[in-house]
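Below is one structure; the comments refer to it alone.
The values are calculated or read from the model by the stated rules, or taken from the named source; none is laboratory data. Predicted model, so just to flag it, every value in this text is computed and none were measured. With ideal geometry, Cβ positions are generated from the backbone for all residues, glycine too; neighbour counts draw on all protein chains shown. Just so you know, the surface numbers come from the protein's heavy atoms only, side chains and all, with ligands and any DNA or RNA stripped out. Shrake-Rupley method; radii C 1.70, N 1.55, O 1.52, S 1.80 Å.
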Amino acid sequence: MVNQVHLIFQQYPKPTATQAGAKDAFSQLFRYLYRQRQLAVILLESPASQLTKRIKPLILEVIGQPKTTLIPADYARELVAQGVLDFIRFWLTQTPVQSPQQAYTIFTRSRELSPAQLLN
């Protein structure tokens, strides 16, 4: 699974605010994890699994360095990478599980909003 995620991140471009869509790395990641959701949930939920620890560096590589200086770069990267993993875990453990397209739409919209905007 880690190898497949790595391949997805190599083959597809990083999403951008203006060009997020069906052909970016995260949309493809959502499609793949949806197809593998039973295994993904088991691995994401198991304390003994190394999936999260092995995928997080791949996500960090895809997101790259932040362009903002409002907070330290390592904090910004951690917030984004952990947010991606938490979103995926939440999405895949819901009943019923939304389609990858629906989840990706929610994900991309959430990235455009502050926490205050998400809750208001």
Checklist outcome for this item: Residue pairs qualifying under the 6 Å Cβ cut-off, at least six apart or on distinct chains, with the first in region 60-73 being in contact (Cβ under 8 Å) with a residue 24 or more places away in the chain and the second being open to solvent by 40 Å² or more (accessible area, probe 1.4 Å), are 62/14; 63/80
Next on the checklist: I'd like the residue in region 10-37 that is of a type outside the set (D, E, K, R), at pLDDT 95 or above and over 11 Å from the mean Cα position of the chain (by Cα) and, out of all such residues, is surrounded by the most Cβ atoms within 10 Å (Cβ to Cβ).
Outcome noted: 34
Checklist entry - Considering only region 91-105, how many residues are modelled with pLDDT of 95 or more and more than 20 Å from residue 39 (Cα to Cα)? => result 1
Checklist entry - Among the numbered criteria (1) modelled with pLDDT under 95; (2) open to solvent by less than 50 Å² (accessible area, probe 1.4 Å), which single criterion is violated by residue 88? => result (1)
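Which residues, counting only those in region 109-120, are under 17 Å from residue 26 (Cα atoms) and open to solvent by 80 Å² or more (accessible area, probe 1.4 Å)?
Of the residues in region 109-120, the ones under 17 Å from residue 26 (Cα atoms) are 109-112.
Of everything in region 109-120, those that are under 17 Å from residue 26 (Cα atoms) and open to solvent by 80 Å² or more (accessible area, probe 1.4 Å) turn out to be 109, 111, 112.
What are the residues in region 46-71 that are of a type in the set (D, E, K, R) and within 13 Å of the chain's Cα centre (by Cα), if any? Please lay out each step first, then the result.
Taking region 46-71 and keeping what is of a type in the set (D, E, K, R), we get 53-54, 56, 61, 67.
Across region 46-71, the qualifying residues are 56, 61.
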Checklist entry - Taking region 63-76, which residues are out of contact with any helix residue (DSSP H, G or I) (no Cβ under 6 Å at 6 or more places or on another chain), part of a helix (DSSP H, G or I) and open to solvent by less than 70 Å² (accessible area, probe 1.4 Å)? => result 73, 76
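Take residue 106 and tell me if it is under 15 Å from residue 31 (Cβ atoms) and either in a helix (DSSP H, G or I) or not hydroxyl-bearing (Ser, Thr, Tyr) (or both). Don't jump to the end; show me each part of the working.
Details: under 15 Å from residue 31 (Cβ atoms): yes; either in a helix (DSSP H, G or I) or not hydroxyl-bearing (Ser, Thr, Tyr) (or both): yes.
Judged against the criteria, residue 106 is a match.
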Checklist entry - Which one of the conditions (1) at pLDDT below 90; (2) in contact with a Ser or Thr (Cβ under 7 Å, 6 or more places away or on another chain); (3) crowded, with 16+ Cβ neighbours inside 10 Å does residue 43 fail to meet, given that it meets all the rest? => result (1)
Checklist entry - Between a first residue in region 102-118 that is within 17 Å of residue 66 (Cα to Cα) and a second residue that is open to solvent by less than 90 Å² (accessible area, probe 1.4 Å) and modelled with pLDDT of 95 or more, which pairs have beta carbons less than 8 Å apart while being 6 or more apart in sequence or on different chains? => result none
